[in-house]
1. Taking region 523-538 on its own, how many of its residues are part of a loop (DSSP other than H, G, I, E, B) and modelled with pLDDT of 85 or more?
2. Within region 605-631, can you find the residues that are assigned to a helix (DSSP H, G or I) and hydrophobic (A, V, I, L, M, F, W, C)?
3. What are the residue pairs meeting all of these: first residue in region 7-21, first residue at pLDDT below 90, second residue aromatic (Phe, Trp, Tyr) and open to solvent by less than 30 Å² (accessible area, probe 1.4 Å), Cβ atoms under 8 Å, and 6 or more apart or on different chains?
4. Select from region 169-183 the residues that are out of contact with any Phe, Trp or Tyr (no Cβ under 7 Å at 6 or more places or on another chain) and buried (at least 16 other Cβ atoms within 10 Å of the Cβ) and list them in ascending order.
5. Residue by residue through region 303-353, note down the ones that are within 22 Å of Arg280 (Cα to Cα), outside any helix (DSSP H, G or I), open to solvent by less than 30 Å² (accessible area, probe 1.4 Å) and hydrophobic (A, V, I, L, M, F, W, C).
6. Given the conditions (1) of a type in the set (Asp, Glu); (2) over 29 Å from Trp536 (Cα atoms); (3) more than 20 Å from the chain's Cα centre (by Cα), which single one is not true for Asp357?
7. For region 393-425, which positions are outside any loop (DSSP other than H, G, I, E, B) and either loosely packed, with under 15 Cβ neighbours inside 10 Å or of a type in the set (D, E, K, R) (or both)?
8. Among the residues of region 557-572, count how many are out of contact with any strand residue (DSSP E or B) (no Cβ under 7 Å at 6 or more places or on another chain), farther than 17 Å from Leu267 by Cβ and touching a residue at least 24 places away in the same chain (Cβ under 8 Å).
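The values are calculated or read from the model by the stated rules, or taken from the named source; none is laboratory data. The structure displayed is predicted, hence computed values, not measured ones. Reconstructed Cβ throughout: ideal geometry from the backbone, glycine too, with neighbour counts over all protein chains shown. The area values use the complete protein model at the heavy-atom level, side chains included, leaving out ligands, DNA and RNA. Shrake-Rupley method; radii C 1.70, N 1.55, O 1.52, S 1.80 Å.
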Amino acid sequence: MADPTSYRPAPGQIPDTPGVYKFRDEHRRVIYVGKAKSLKQRLANYFQPLASLHPRTATMVTTAASVEWTVVSTEVEALQLEYSWIKEYDPRFNVKYRDDKSYPYLAVTLNEEFPRVQVMRGHKKKGVRYFGPYAHAWAIRETVDLMLRVFPVRTCSAGVFRNAASAGRPCLLGYIGKCSAPCVGRVAPQEHRELAEEFCDFMAGRTGTYIRRLEKLMTVAAEDMEYEKAARLRDDIEALRRAMEKSAVVLADATDADLIALAEDELEAAVQIFHVRGGRVRGQRGWVTDKVEAVDTAGLVEHALQQLYGEESGEAVPKEVLVPALPDDAGAVTEWLTGRRGSQVSLRIPQRGDKKDLMATVARNAQQALVLHKTKRASDLTTRSRALEEIAEALDLESAPLRIECFDISHLQGEDVVASMVVFEDGLPRKSEYRRFQIKSFEGQDDVRSMHEVIGRRFRRYLAEKEKTGEWGEDGEVPVDEAGDDGRPKRFAYPPQLVVVDGGQPQVAAARRALDELGIDDVAVCGLAKRLEEVWLPGEDDPVVLPRSSEGLYLLQRVRDTAHDFAIRYQRSKRTKRLRSSPLDAVPGLGDTRKQALIKHFGSVKRLKQATIEQICEVPGFGRKTAEAVAVALARAAPAAPAVNTATGEIMEDDGGTTA
């Protein structure tokens with residue numbers, strides 16, 4: 001591990017100009033590439049005290065052994081050079097998006113004498129028009145099959161084309177009218193190329209004009225009583241419309257845009273892109289990457305733009321690029337995109353309307369992609385075993401924690417304070433063992449005290465079950481008399497090997513104290529602090545920092561996030577139930593129908609409170625006994641807090657509208 005001060009450039013040596021810099025390790029390998037408006041200011045940030053740097057940045061500068069830079073004249077040149085160096089050196093500390101699969105494209109080989117329509121994967125070739133990417137190759141073939149009726153372009157391979165030409169006989173597609181058969185000279189090379197270009201124009205979104213032209217030709221043919229020709233044109237139009245229906249219309253007809261959305265956590269990020277051409281979603285793709293450098297959403301967006309358009313040009317770069325956050329050098333990035341397209345490109349965040357709605361859809365896809373990636377990763381047995389072993393080694397446990405319980409506290413400004421307990425066994429969630437708690441011993445916001453209460457309650461239940469049924473057998477086996485009727489142990493009967501709390505030192509200390517008070521010393525405790533994903537142990541002043549690529553850290557993070565989500569859902573349900581409660585809920589035997597009848601008759605709960613028993617009896621379905629019960633319940637109910645206009649701060653009168 002190198003000391004950054006050993007290779008820090010001398011004062012005045014770094015120029016105050018735009019440029020690109022490289023950090024190299026002791027073997028002269030490039031480990032990080034970056035760009036800056038001012039090299040002097042940016043590089044100075046890397047040579048601060050290590051304690052003030054982000055942990056990932058600190059790891060990078062201590063791995064490096066030297067730094068060098070190249071001065072450029074503009075920020076756009078810096079952006080281009082940064083991308084080139086990242087592609088050339090593949091530095092380990094740079095975020096690099098990689099396709100999670102090799103997406104298929106619909107390609108038209110305009111670089112050949114007789115252009116061919118085909119499915120292509122991998123690197124793009126010069127002189128080939130690409131459309132997509134598509135999620136599945138069969139989706140391309142279905143679209144092409146519909147369009148070949150109208151645009152009978154060659155789809156055969158070079159070998160089949162040569163064999164047909166030498167035999168003087170076209171293939172089956174030539175006989176059924178789905179190929180113009182240039183192999184046997186039915187059409188001239190120029191005529192076939194025009195068909196291929198019309199095919200490309202239609203796929204690029206210029207659909208309305210072409211269909212209107214066919215409709216006009218169909219009308220003329222019908223007027224001239226050329227009914228067979230009119231019928232053929234009608235079928236062509238129908239085929240094109242079916243092909244268009246396979247791409248959902250989401251935006252205005254003339255819209256050409258790429259929408260980019262991100263889903264991220266502390267360790268990984270998923271990016272999803274929707275390619276919209278002619279107002280229709282023509283393609284979709286996505287990546288997942290490790291966050292190997294200290295980067296925010298804006299930085300991830302910039303990396304994604306470099307990955308997407310670094311080797312593209314012309315119409316492959318759309319007129320609009322919609323993103324969730326603008327890069328720090330948005331002007332330079334926009335200028336770079338404009339240069340690659342050859343005309344103006346708009347880079348912006350959608351604020352309203354259909355584009356904002358579609359961006360929300362892309363974001364949901366990104367979130368689902370990240371969850372799916374994590375689920376696949378967690379489902380692998382070897383990976384889970386390695387994760388448990390890494391946790392045991394990092395926390396100095398005697399054996400792998402086969403049962404992990406995680407606790408989290410949730411509240412809204414001190415109200416509806418609840419806690420959750422989730423259970424992972426063998427690295428997988430055991431949802432039947434999840435538990436929820438209400439904080440009962442006090443009111444208000446105190447996460448540490450809440451954690452102490454919840455841990456104490458959970459393990460008092462465990463001790464009570466243990467005392468009731470006898471000691472546990474060897475190796476954690478459940479005694480026969482402790483099992484329920486179905487052969488499974490009762491609630492809270494299993495002790496965990498590891499308790500994880502969502503929080504840092506204070507929460508960990510509270511959990512350990514609760515266990516000590518109960519005399520439990522065979523259950524390990526740790527906490528996972530969300531900001532830097534540090535693992536805290538009881539009585540330790542410094543956290544345990546697991547490697548970013550650690551499967552153990554990933555498992556702890558997943559356990560913590562599951563507990564957090566479970567607690568939030570419970571807290572929200574309690575808050576919703578409380579806000580919907582009514583004094584009438586305390587009246588025994590009073591159902592929703594009669595509650596609504598009361599409110600409809602009197603107009604509001606306030607007016608109902610002012611009503612006499614005789615007036616309540618006037619409501620259909622209410623006798624005197626029920627009316628008296630309603631009056632008593634309303635009298636006992638605490639007065640509601642006055643309603644406040646949040647815009648003006650004005651206290652409003654409660655005149656009506658309160659529902660039961």
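1. 3
2. Scanning region 605-631 gives Val605, Leu608, Ile613, Ile616, Cys617, Ala627, Ala629, Val630, Ala631.
3. Arg8/Phe47
4. Pro170, Cys171, Leu173, Gly174, Lys178, Cys179, Ser180, Ala181, listed by residue number.
5. Selection gives Val317, Val321, Leu322, Val323, Val345, Leu347.
6. With (1) of a type in the set (Asp, Glu); (2) over 29 Å from Trp536 (Cα atoms); (3) more than 20 Å from the chain's Cα centre (by Cα) applied to Asp357, the lone miss is (3).
7. Within region 393-425, Glu393, Arg403, Glu405, Asp408, Leu412, Glu415, Asp416, Glu425 meet the criteria.
8. 0
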